Amino acid sequence: RCCGSVCRPNGDLGATMIAAVRGWAPRLSRARPLSASLPPPRAAAPPLPAAPVDDTLVNPMSKLLEQNRAWAANVRSCPGLIDKMLHHKPTYLWIGCSDARVPANELLGLGAGEVFVHRNVANLVISTDMNLMSVIQYAVTVLKVTDIIVCGHYDCGGVRAAMRQKDHSPPLENWLRNIRDVVWLHRDEILAISCLEERYRRLVEVNTIQQSLNVYKTGAVQRARLASRMMPNATHTLPRVHAVVYDPASGELKELDVDYKKLLTEANSVYQLYHMPGKGETEAPADPVPDASP
């Protein structure tokens, strides 16, 4: 039993609702089923032909794992190599390009466990790259590497791409912008080279030098060099930084002639974070003093 004040205000609400349902009933009966509004199913893809047993596209890992087993057997047969594998104590940090033609260990004639490696497109050292900054910090504070090698290479795709006035789309374009900045910083030299191929080669060298300088700017490297300088009877300030370029055509590395002392002296008023004590000093002063001691 319903309340008249609710169900029948100014008329019969129940009768109104029944009439509304009766009005929709014919429409519902004429409505298409949901399946009728869906697109027709796609035809099934034809089955792939049977692949040859030795087709590496079927399972490339099969051959790679077979090669790994052969390599592991060789490792186990060399006691000295096993010791290197068990005790990770590399001497060098390599910052190179991701290019597959530039394998760090092989280029240096070194084996497993001797080089700590970081690679990215065009061997860039960017302060906002937390991956690389973590690698550098770990290398100098935990592994205590003595040398950091920044290696570029001729015929670098990243360098070539950065020289083109073309949007390569993010995130690649954002990355390449750092090389464009190097071109701008050294535009008087780079853009004056008329031969395009020689311009590419020179930019590879200039970019590698610029990235090696960026290594010196990091706080982790500056702290490590300060600690090294403060060691009793220290003969070298470590880690040292080297700029080298690899030529895929010859397979040889070339160390670039860089006057780090001059370049760092010019930049110290902005980038130096710690005073490097001279010989005879036992501690660094509290306030940083511009000084260059590469």
Rg(Cα) of segment 92-240 divided by 2.2 N^0.38 Å? 1.12
proj_area_mean for segment 181-234 (convex hull on C-alpha atoms), units nm², value 4.9
When a/c reaches 1.5 or more, the comparison of a/b and b/c decides; with that in mind, is segment 70-178 rounded, prolate or oblate per its Cα gyration tensor? prolate
About its Cα centre, how strong a charge dipole does segment 125-258 have in debye, to the nearest 20, once Lys and Arg get +1 and Asp and Glu get -1 at the Cβ? 480
So, with +1 on the Cβ of K and R and -1 on the Cβ of D and E, and no other charges, what is the size of the charge dipole of segment 52-148 about its Cα centre, to the nearest 20 debye? 260
Tell me whether segment 216-278 comes out rounded, prolate or oblate; compute the Cα gyration tensor, take square roots of the eigenvalues as a ≥ b ≥ c, and use a/c under 1.5 as the rounded threshold. prolate
Accessible area in the full protein assembly, largest first, 1.4 Å probe, for 260, 271: 271, 260
I'd like the trypsin sites (Lys or Arg not before Pro) in segment 93-193 restricted to DSSP loop residues with at most 13 other Cβ atoms within 10 Å, sorted by number. 101, 164, 166
Descending packing, highest mean Cβ count within 10 Å first, for 134-143, 148-157, 215-224 is 148-157, 215-224, 134-143
Solvent exposure ordering (accessible area, 1.4 Å, most first) of 167, 181: 167, 181
Heads up, segment 144-221 by the C-alpha gyration tensor (a ≥ b ≥ c square roots of eigenvalues; a/c under 1.5 rounded, else a/b over b/c prolate, else oblate) looks prolate
Provide the gained length on full extension for the span residue 185 to residue 84, in nm with one decimal, where the gain is 0.36 nm per separating residue minus the Cα-Cα distance. 32.1 nm
Please calculate the 1.4 Å probe accessible area of residue 66, with all protein chains present, and give it to the nearest 10 Å². 110
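The values are calculated or read from the model by the stated rules, or taken from the named source; none is laboratory data. Since the structure is predicted, the reported quantities are computational estimates derived from the model, not experimental observations. Cβ sites come from the backbone with ideal geometry, for glycine too, and all protein chains shown count toward neighbours. Remember, those area values only see protein heavy atoms, side chains included, never the ligands or the DNA or RNA. Shrake-Rupley method; radii C 1.70, N 1.55, O 1.52, S 1.80 Å.
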